[in-house]
Amino acid sequence: MAQPQVTAVRGIELNVRDLAASAAFYSNVWGLTEVGRQNGSIHFRATGDEHHVLTLHAADNSGLASFNVAAADKGSVDGLHAAAIAYGANVLDAPHGLDGVAGGGYGFNLTTPDGIRLTVSCDVARHAARIDDRTRPNKFSHIVLRSEAPDTMDAFFIDLLGFRLSDKNGHIDFLRCSPDHHSVAIGHAKGPGLHHMAFELPDLDGLMSACGRAKVAGYPIEWGIGRHAGPGENVFCMFVEPNGFASEYTTEMYQCDEATYPKRSIEYWKSVPLQPCAWGLATQRSEMLHKARSGQLVEELNARHENLAPRKAA
Ligand SMILES: [Fe+2]
């Protein structure tokens, strides 16, 4: 039997100091919909059929709590659990039935070599009806982690969880587990921690409308709107959410054919014209975004016990 693989990244879980303020942002500004809450945790869906793509947990300090990945079936979950033990990974529990408020299913928890928690699951409930609104995220797109040991992190995702290396650009290693060019990426930076998270809009017009909604609500565009002249070639727009995390709207991620995708060299990507934005428009990242992606902003806000207030739209 082939080694079981992760087939998707379902979503992300964040610890937040002000649960009500964060919930209001992700509902009213970011465009997600609450689907359940229990014991200080709230789950939010996107417009697609995934049960939830974001969970917020009330906590003393904001931070990345975990992220959730999918496997095909119970046999795959059991196989990945056995493989994780054999790999020497930090496995936190055995496969078991998961919380019904979070869609149930069957899974187990482990950590990356950097100590970031993830849940591998199958049979999580899916929504029968999609929400017809292209201005709101339809799914979680990708998580980018900061790591001081990127080769070790790459090996964990590739050798244990079955990800494939799509590209490297010298700063970030891009890994896929589906046709999406990347669902997990490892940034070569001070870590461990969350570099940024990205939610997918169904099309460019929807993304433009979503960006406008965030801007009018007082969350300025920190980088974008652009199309990466680099790995993934996706359209991007970066914001900083109330806890100081960098959060991206994205669309038109490159779809890889497993048989033919031509992984290219760092030199190739450095040679692409108009780096880092194919349109030549989104060239400068804000200082706020630099602080958010490095983790410094979350640390500062935790120390001050503050959330970012909406800022006046330009
Ligand atoms: Fe991204």
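Rounded to the nearest 5, what % of DSSP beta bridges with both residues in region 174-314 are antiparallel?
Working: 14 of 18 bridges.
Close to 80 percent.
Starting from the 7 Å offset along Cα-to-Cβ, what nm value, one decimal, do you get for the label separation of residue 290 and residue 148?
Computed distance between label sites residue 290 and residue 148 equals 2.1 nm.
Taking every DSSP beta bridge with both residues inside the chain, roughly what % is antiparallel (nearest 5)?
Of all bridge pairs located within the chain, approximately 75 percent are antiparallel.
Which whole number in µm²/s is D for the chain by Stokes-Einstein, with the Kirkwood Rh taken over Cα pairs at 10 °C and 1.306 mPa s?
The estimated diffusion coefficient comes to 81 µm²/s.
Where a ≥ b ≥ c are the square roots of the eigenvalues of the C-alpha gyration tensor, would you call region 146-228 rounded, which needs a/c under 1.5, or, failing that, prolate if a/b is larger than b/c, or oblate? Before the final figure, lay out each step's value.
Working: a/c = 2.81, a/b = 1.81, b/c = 1.55.
Since a/c reaches 1.5 and a/b is larger than b/c, the shape of region 146-228 is classed as prolate.
Residue farthest toward the positive end of the dipole of the chain, with Cβ of Lys/Arg at +1 and Asp/Glu at -1: which of 153, 245, 11?
245
If you place +1 on the Cβ of every Lys and Arg and -1 on the Cβ of every Asp and Glu, how big does the dipole about the Cα centre of the chain come out, in debye to the nearest 20?
640
Keeping all protein chains in place, calculate the accessible area per residue for region 8-122 (probe 1.4 angstrom), answer in Å². List each step's numbers first, then the result.
On the way: 3940 Å² over 115 residues.
About 34 Å² of surface per residue is accessible.
Please list log₁₀ I(q)/I(0) at q = 0.15, 0.19 Å⁻¹ for region 248-314, using the Debye equation with identical point scatterers on the alpha-carbon positions.
Summing over Cα pairs of region 248-314 leads to -0.81, -1.01.
Please work out how many pairs of lysine residues in the chain are eight or more positions apart (or on different chains) and have Cα atoms closer than 27 angstrom.
16
Name the shape class, rounded, prolate or oblate, that the alpha-carbon gyration tensor gives for region 39-103, where a ≥ b ≥ c are the square roots of its eigenvalues, rounded holds for a/c under 1.5, and otherwise prolate holds if a/b is larger than b/c and oblate otherwise.
oblate
Return the single residue from 118, 194, 274 with maximal mean-square fluctuation; model: Gaussian network over the chain, springs between Cα atoms under 10 Å.
274
Taking the Kirkwood radius as the inverse of the mean 1/r across Cα pairs, report the Rg/Rh of region 103-192.
On the way: Rg = 15.0 Å, Rh = 14.7 Å.
Result for region 103-192 is an Rg/Rh of 1.02.
Kindly state, as a whole number, the per residue volume in cubic angstrom of the convex hull around the alpha carbon atoms of region 8-122.
Per-residue hull volume (Cα only) is 102 Å³.
Name the GluC sites (Glu not before Pro) in region 148-245 that are in a loop by DSSP and that have at most 16 other C-beta atoms within 10 Å, would you? Please report the intermediate quantities before stating the final value.
Values: sites: 148, 200, 222, 233; in loops: 148, 222, 233.
Here the GluC sites (Glu not before Pro) that fit, given the DSSP loop and packing criteria, are 148, 233.
Can you give the translational diffusion coefficient of region 223-283 in µm²/s, computed by Stokes-Einstein from the Kirkwood radius over Cα pairs at 37 °C and 0.692 mPa s? Each step should come with its number before you reach the end.
Values: Rh = 12.8 Å.
D = 257 µm²/s.
Counting DSSP beta bridges in region 8-122, what percent are antiparallel, to the nearest 5?
Expressed as a percentage, antiparallel bridges in region 8-122 total about 70.
The values are calculated or read from the model by the stated rules, or taken from the named source; none is laboratory data. Note that this is a predicted model, so its numbers are computed, not measured. Virtual Cβ from ideal backbone geometry, glycine too; neighbours counted across all protein chains shown. For accessibility, only protein heavy atoms count, side chains too; no ligands or nucleic acids. Shrake-Rupley method; radii C 1.70, N 1.55, O 1.52, S 1.80 Å.
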